[in-house]
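Have a look at the structure below, then the notes.
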Amino acid sequence: MVNQHVIDIGFTHEDFAALLDKYDYHYSPGQVVAGTVFSIEPRGALIDIGAKTAAYIPIQEMSINRIDGPEEVLQSNETREFFILTDENEDGQLTLSIRRIEYMRAWERVRQLQAEDATVRSAVFATNRGGALVRIEGLRGFIPGSHISTRKPKEDLVGEELPLKFLEVDEDRNRLVLSHRRALVERKMNRLEVGEVVIGTVRGLKPYGAFIDIGGVSGLLHISEISHDHIDTPHSVFNVNDEVKVMIIDLDAERGRISLSTKQLEPEPGDMVKNPQIVYDKAEEMAAKYRERMLQPAQSAEPEPESEPELEIVLDEADLPAATE
């Protein structure tokens with residue numbers, strides 16, 4: 001008869017469970033983990049991420065864009081990255097998100113595009129009293145009305161694709177602000193040169209100068225560049241809708257600004273005030289002399305013209321929707 005000895009190793013089921021708990025991986029909100037789609041449900045999906053209980057992703061967290069069903073994003077047994085959105089609930093289940101990962105990567109992408117000073121294209125999906133709304137990399141962006149360069153009513157822009165430049169990219173404040181005007185000015189600038197004479201139309205008069213439309217973009221004819229003679233107000237020389245000849249004296253692509261002059265086209269000082277037609281008739285001749293002077297070292301420095309005022313863009317907080325909405 002064989003003696004059987006029962007060895008007490010002192011390891012109970014409770015000890016085993018405690019050991020599993022000790023080595024169980026702890027998942028925290030904010031982590032990005034790999035998971036496999038376990039089951040797709042009508043308004044969400046169960047995801048196996050290696051936790052004790054399958055995690056859950058609701059449909060609203062499946063994409064940065066609006067979707068109608070989970071099948072548009074997920075497939076059974078698919079493995080991909082998920083963002084842990086919340087701690088375990090009372091049933092030990094974690095809530096996951098794909099939208100948050102896309103959101104973080106979208107902001108990273110638009111920051112890169114802004115750093116590259118890239119031009120992007122996007123269709124207007126809505127307008128409000130302050131401007132127009134577009135989507136860039138899935139994020140909602142805002143174009144202030146002052147940065148929409150078109151003669152169409154804003155409401156007619158819905159569905160139209162516009163070239164855009166970045167004005168502000170601020171993830172912390174959920175502000176993504178863009179400019180249609182800057183994109184058009186840059187494109188127009190590529191075909192313009194300092195010293196070139198262009199024909200434009202007066203579109204606005206301010207105490208500091210006249211805004212001239214030159215082929216769909218606006219240039220500023222500062223009051224100090226209208227004439228060698230002193231001028232109290234641009235209204236004394238121009239009317240809105242006047243057709244004028246002006247010379248380009250500066251192209252600032254970074255700020256989207258075109259600076260213009262008629263003073264440099266005057267055959268005699270004060271001609272722009274006394275007889276503008278003489279200035280227009282001699283414009284090309286005077287511009288050629290200006291370009292020649294530009295190529296020669298300055299013999300005597302002229303006094304600096306009065307600096308152009310910065311055109312501050314005033315954004316109404318009510319018109320700036322969160323980029324994630």
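The values are calculated or read from the model by the stated rules, or taken from the named source; none is laboratory data. Computed from a predicted structure; not experimentally measured. Cβ placement follows ideal geometry from the backbone for every residue including glycine, while neighbour counts extend to all protein chains displayed.
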If we keep just the residues of the range 62-87 that are of a type in the set (S, T, N, Q) and in a loop (DSSP other than H, G, I, E, B), which is surrounded by the most Cβ atoms within 10 Å (Cβ to Cβ)?
-> 63
Scanning the range 166-191 for residues that are charged (D, E, K, R) and either closer than 28 Å to residue 248 by Cβ or out of contact with any Asp or Glu (no Cβ under 6 Å at 6 or more places or on another chain) (or both) gives 168, 170, 171, 172, 173, 181, 182, 186, 187, 188, 191
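Yes or no, residue by residue, for (1) under 24 Å from residue 66 (Cα atoms); (2) outside any helix (DSSP H, G or I); (3) not assigned by TED's automatic domain parsing to the domain that holds residue 213:
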| residue | (1), (2), (3) |
| --- | --- |
| 89 | no, yes, yes |
| 93 | no, yes, yes |
| 114 | no, no, yes |
| 118 | no, yes, yes |
| 127 | yes, yes, yes |
| 133 | yes, yes, yes |
| 142 | yes, yes, yes |
| 149 | no, yes, yes |
| 152 | no, yes, yes |
Got a number for residues in the range 185-228 being modelled with pLDDT under 85 and either in contact with a helix residue (DSSP H, G or I) (Cβ under 7 Å, 6 or more places away or on another chain) or aliphatic (A, V, I, L, M) (or both)?
-> 5
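Residue by residue, here is whether (1) without any contact (Cβ under 8 Å) to a residue 12 or more places away in the chain; (2) in the same structural domain as residue 142 (by TED's automatic domain parsing); (3) touching a Leu at 6+ places or on another chain (Cβ under 9 Å); (4) part of a strand (DSSP E or B) holds:
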{"position": "168", "(1), (2), (3), (4)": "yes, yes, yes, yes"}
{"position": "177", "(1), (2), (3), (4)": "no, yes, yes, yes"}
{"position": "198", "(1), (2), (3), (4)": "no, no, yes, yes"}
{"position": "203", "(1), (2), (3), (4)": "no, no, no, yes"}
{"position": "221", "(1), (2), (3), (4)": "no, no, yes, yes"}
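Rundown of residues vs (1) at pLDDT below 90; (2) part of a loop (DSSP other than H, G, I, E, B); (3) not small (Gly, Ala, Ser), yes/no style:
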residue	(1), (2), (3)
2	yes, yes, yes
16	yes, no, yes
20	yes, no, yes
28	yes, yes, no
40	no, no, yes
47	no, no, yes
52	yes, yes, yes
60	no, no, yes
